[in-house]
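Worksheet for the structure shown next.
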There are 2 protein chains.
Amino acid sequence: MENTRLTSYEEVAEILRGCDNVSILTHKSPDGDCIGAGMGLCLYLRSLGKKANVLNSDGFPDRFDFMIGDYQPEVFEEQFVISVDISDTTLLGDELEKYADRIDLCIDHHGSNRFFAKKSYVDAQASAACLIIFELLEHMGADITLPIATNLYTGLATDTGCFKFQNTTPSAHIAAAKMFEMGVDFEHINRKMFDIKSRGRVMCEQKLISEMRFFEDGQIGILTATNKDIADFQIDRSELDAFAQIPLTIEGVRFGYTLKQQEDNPEMFKVSLRTTDADAAAICGEFGGGGHLRASGCTVEGKAREVMMKLLEVTRKYL
Amino acid sequence: MENTRLTSYEEVAEILRGCDNVSILTHKSPDGDCIGAGMGLCLYLRSLGKKANVLNSDGFPDRFDFMIGDYQPEVFEEQFVISVDISDTTLLGDELEKYADRIDLCIDHHGSNRFFAKKSYVDAQASAACLIIFELLEHMGADITLPIATNLYTGLATDTGCFKFQNTTPSAHIAAAKMFEMGVDFEHINRKMFDIKSRGRVMCEQKLISEMRFFEDGQIGILTATNKDIADFQIDRSELDAFAQIPLTIEGVRFGYTLKQQEDNPEMFKVSLRTTDADAAAICGEFGGGGHLRASGCTVEGKAREVMMKLLEVTRKYL
């Protein structure tokens, strides 16, 4: 199989002009960037009179409804397959796994991209897949409608933490300025994506924070969510993932732990670790887990207090 | 007294070129925008060989140290007075009150500006006072050094909630793109301004949120910080400014009030109002305050409960 690496928007543009009956693949556990890039590209292709659909293994969560709008899948005989914001075929998920060896064009911004498609345009410097699609559409002289711009802005904003993270670039800001001119309701989008939490979640967060434990002069912070907390505040377990960021927002914390009691086994805790400068993967590795340098996870057996003691013993070696 | 309204950067530029021995006034309870605009302007005037200082009634809180850098006040015979980010002389504070009727030039972005200065440049569409200073310096062909850009970015980011709020404009994004090119360490700034909180502050937030009051089916949310809370958690009063954003993060809240008991008068509350769609300036205007369309403030007399009742009565007209 050829694995061509495309290096210019014009090469990608030429392919898009020539294709039709397109399936656009997005990654499992979809986020704002893959949905935005997929929907943005799909709406553009449709505006050219082509047939196109956006596919996902898990379906799109409700909170992205404003991006989907009145989009409906079409029926056609698939001729061309594009993946967006996907670095590896393992991210296709169960439903889309079957496409793994027949993706014609991959558009992505992950440096870890495995070049699994016949042709790939990967720009690891791009803040978001949506930024690539936006600049590509500009290059093609597209009429970027409000629904397209809304999708692309959402992906750009969510992947950069609303222009806060290291991956934000001058190009990201310039694209945002243009999207504003196109009438994107950024205030509504940002509020929905970043600010609004259910009252239950806010109250749960506050309780867990007030019960946080600190050790070693506040360098180690441990937040624990028990099954009782989750039930009391009627929190969806998926919402708990965001809690992993909390300990590190407290001044002085270098090791931020979040312990989540397992639903099916109260003497088992899923542990998330975020670090400012220490090797999180190595620490979690000592418990049979792993992950990234500053964000890792593991599972530890015991009552909450015992788990905490085990984690502290290991963490002290990394202080 | 003449009260000239300036309408172009060139008019302001001409004044800046002609002035020397300048005192730049910033508002009491200083925030990132007034410090950034004051410091940015001061550093630029000094780079032209002029003498200039930035003054504040309350001093600059420690967390803005990175903006102050190695700035030191100079000794000179004051000849010219500029105010930045000040909409009304009541915001000068005790130390700077004496300047109220002798401000030569006012540079501001509040629609509620009272045109108290001899000459005023007010652009209510500008996202931040720092954005006005940035565009002004660009107009003047200034060499915008890294310390100047760092100050101006900080004000722009903090006043727009890192490009999240309704007051963000295409110009704000374009300016940010240019500031990035100038080498501003936006990741560090944003982490410091938005993410990291002292443990006392986190615990204080937790308590105040758990005590929040909700009215009208949760459309009105009121958070109250008393002097006792501030003392108990050893919170710096400047940190309380950020609390103003909290009520609106709770699902369903359209009117987010934060009440801050005044240190010197426990029967007086400084009120911040954030709204999703209602006219915050109009509501605060009914109490003699003002500000922006979605972010305003006022001062209301009474015990906490009385203040709450007064606010509710007025707010119900805007539901």
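The values are calculated or read from the model by the stated rules, or taken from the named source; none is laboratory data. From a predicted model like this one, the values you see are computed outputs, not experimental measurements. Positions of Cβ are backbone-derived with ideal geometry, glycine not excepted, and every protein chain shown enters the neighbour counts. Surface accessibility is based on the protein's heavy atoms, side chains included, excluding ligands, DNA and RNA. Shrake-Rupley method; radii C 1.70, N 1.55, O 1.52, S 1.80 Å.
One table, with the values for the structure above:
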read-out: Test set (1) within 18 Å of B:PRO30 (Cα to Cα); (2) more than 10 Å from chain A (Cβ to nearest Cβ); (3) surrounded by fewer than 20 Cβ atoms within 10 Å (Cβ to Cβ); (4) without any contact (Cβ under 8 Å) to a residue 60 or more places away in the chain - B:PRO266 fails condition number; value: (1)
read-out: Residue in segment A:124-135 that is more than 20 Å from the chain's Cα centre (by Cα) and surrounded by fewer than 17 Cβ atoms within 10 Å (Cβ to Cβ) present; value: no
read-out: Matching residues in segment A:6-16 - criterion: being in contact (Cβ under 8 Å) with a residue 12 or more places away in the chain and either among the charged types (D, E, K, R) or farther than 14 Å from A:LYS119 by Cβ (or both); value: A:GLU10, A:GLU11
read-out: Residue in segment B:296-308 that is touching an Asp or Glu at 6+ places or on another chain (Cβ under 8 Å), among the small types (Gly, Ala, Ser) and at positive phi present; value: yes
read-out: Conditions (1) more than 22 Å from A:PHE194 (Cα to Cα); (2) modelled with pLDDT of 95 or more; (3) of a type outside the set (Lys, Arg): number failed by A:LEU131; value: (1)
read-out: Search result, residues across segment B:220-246 that are farther than 17 Å from B:PHE269 by Cα, over 19 Å from the mean Cα position of the chain (by Cα) and either within 12 Å of another protein chain (Cβ to nearest Cβ) or not β-branched (Val, Ile, Thr) (or both); value: B:ASP232, B:PHE233, B:GLN234
read-out: Residues (surrounded by 22 or more Cβ atoms within 10 Å (Cβ to Cβ) and either farther than 24 Å from B:ALA242 by Cα or more than 7 Å from every other protein chain (Cβ to nearest Cβ) (or both)) located in segment B:168-183; value: B:ALA172, B:ALA175, B:MET179
read-out: Residue list for segment A:96-115, restricted to those being over 14 Å from A:ARG5 (Cβ atoms), touching a strand residue (DSSP E or B) at 6+ places or on another chain (Cβ under 6 Å) and at pLDDT below 95; value: none
read-out: Whichever residue in segment A:213-263 is among the small types (Gly, Ala, Ser) and without any contact (Cβ under 8 Å) to a residue 12 or more places away in the chain and, among such residues, is least open to solvent (accessible area, probe 1.4 Å); value: A:ALA242
read-out: Residue tally, condition part of a loop (DSSP other than H, G, I, E, B), within 17 Å of B:HIS27 (Cβ to Cβ) and polar (S, T, N, Q), over segment B:109-126; value: 2
read-out: Condition check for A:GLU205: closer than 30 Å to A:MET268 by Cβ and either modelled with pLDDT of 95 or more or not β-branched (Val, Ile, Thr) (or both); value: yes
read-out: Of residues in segment B:136-153 being of a type in the set (Ser, Thr, Tyr) and away from chain A (no Cβ under 13 Å), the one least open to solvent (accessible area, probe 1.4 Å); value: B:THR150
read-out: Selection within segment B:279-319 - in a strand (DSSP E or B) and more than 25 Å from A:GLU187 (Cα to Cα); value: B:THR299, B:VAL300, B:GLU301
read-out: Breaking point among (1) closer than 26 Å to B:ILE35 by Cα; (2) away from chain A (no Cβ under 14 Å); (3) in contact with a Gly (Cβ under 8 Å, 6 or more places away or on another chain), for B:PHE255; value: (1)
read-out: Test: B:PHE163 is within 7 Å of another protein chain (Cβ to nearest Cβ), at pLDDT 90 or above and over 22 Å from A:LYS197 (Cα atoms); value: no
read-out: Residue count, segment B:184-196 (criterion: open to solvent by 40 Å² or more (accessible area, probe 1.4 Å), within 7 Å of another protein chain (Cβ to nearest Cβ) and touching a residue at least 12 places away in the same chain (Cβ under 8 Å)); value: 1
read-out: Residues of segment A:154-167 satisfying the condition of being in a helix (DSSP H, G or I) and open to solvent by 10 Å² or more (accessible area, probe 1.4 Å); value: A:THR158, A:ASP159
read-out: Selection from segment A:198-212 of residues that are open to solvent by 50 Å² or more (accessible area, probe 1.4 Å) and either more than 9 Å from chain B (Cβ to nearest Cβ) or farther than 17 Å from B:LYS207 by Cα (or both); value: A:GLU211
read-out: Total residues in segment B:73-111, condition open to solvent by 40 Å² or more (accessible area, probe 1.4 Å) and within 16 Å of the chain's Cα centre (by Cα); value: 3
